[in-house]
Amino acid sequence: MKFGVITFPGSNCDQDMIYVLESIMGQKVERLWHKDSDLKGCDFIVVPGGFSYGDYLRSGAIARFSPIMESVIKHANNGGYVLGVCNGFQILCESGLLEGTLMHNDSQRFICDNVYLRAETSNSLMTQSIGKGDVLKIPIAHGEGKYFAPSDTLDRLKKNDQILFRYCGVNGDASIESNPNGAIENIAGICNEGRNVFGMMPHPERAADEELCNVDGRKLFESILLEVAV
């Protein structure tokens, strides 16, 4: 599988993602620039974290109109894989590739911390090697990470098994106390109905290297690469 990682003005997690995919997971990675439209034959596009265009207007609102995103939308609509992490999740929601939106944290503060996630499904490329109910320790770093969707959208996400992760405690309890940003129903990550577009606020690329004393995030990349093995 060939990965493409996009860089926007203000991206700050693109090199982290490239390092994990290239150096740790041993994959071919193309560097994609926001002004380009050529995806260079990539199978899996990653929209990384950061502060694209300084988060002006609202997070992801301007990046959604970058030339590269037209190609990403076409790629996704043709069944190609796309992952948005943190700011990337915000961009995918702004682009209409994922439902819902990301709002300011309830605390009105930027939060950088390790949190726990509970896998809600194994029925996705991102989670196929992770057991439903398994708990992962993954860092977050955001000021606008509160996922929200209207009730009809939320019902559809649940009915279609599109919720990938919920914030939880160390024992897997998805409580108010374990919700760092006020996300509706503790939702930390979702996929689209076609199950080829994924978005999550936590950063798996920041928990994939032994040097960081946490490799729970590597499980997501290993899950993706099962597609190659098959």
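The values are calculated or read from the model by the stated rules, or taken from the named source; none is laboratory data. As the structure is a computational prediction, the values presented were derived from the model and not from experiment. Quick reminder, even Gly has a Cβ in these numbers, built from the backbone with ideal geometry, and neighbours come from all protein chains shown.
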Inset, instruction - Determine whether Leu98 is over 24 Å from Ile18 (Cα atoms), crowded, with 24+ Cβ neighbours inside 10 Å and touching a helix residue (DSSP H, G or I) at 6+ places or on another chain (Cβ under 8 Å). - result: no
Inset, instruction - Please work out which one of (1) modelled with pLDDT of 95 or more; (2) more than 24 Å from Asp155 (Cβ to Cβ); (3) surrounded by fewer than 18 Cβ atoms within 10 Å (Cβ to Cβ) is the condition Asp106 fails and give its number. - result: (2)
Legend entry - Leading residue by the ranking (surrounded by the fewest Cβ atoms within 10 Å (Cβ to Cβ)) among those in region 59-77 that are in contact with a His (Cβ under 9 Å, 6 or more places away or on another chain) and over 21 Å from Arg206 (Cα atoms): Pro67
Legend entry - Odd one out for Ser175, checked against (1) surrounded by fewer than 16 Cβ atoms within 10 Å (Cβ to Cβ); (2) under 24 Å from Asp14 (Cβ atoms): (2)
Legend entry - Conditions (1) surrounded by fewer than 20 Cβ atoms within 10 Å (Cβ to Cβ); (2) more than 17 Å from Thr121 (Cβ to Cβ); (3) of a type in the set (D, E, K, R): number failed by Arg206: (1)
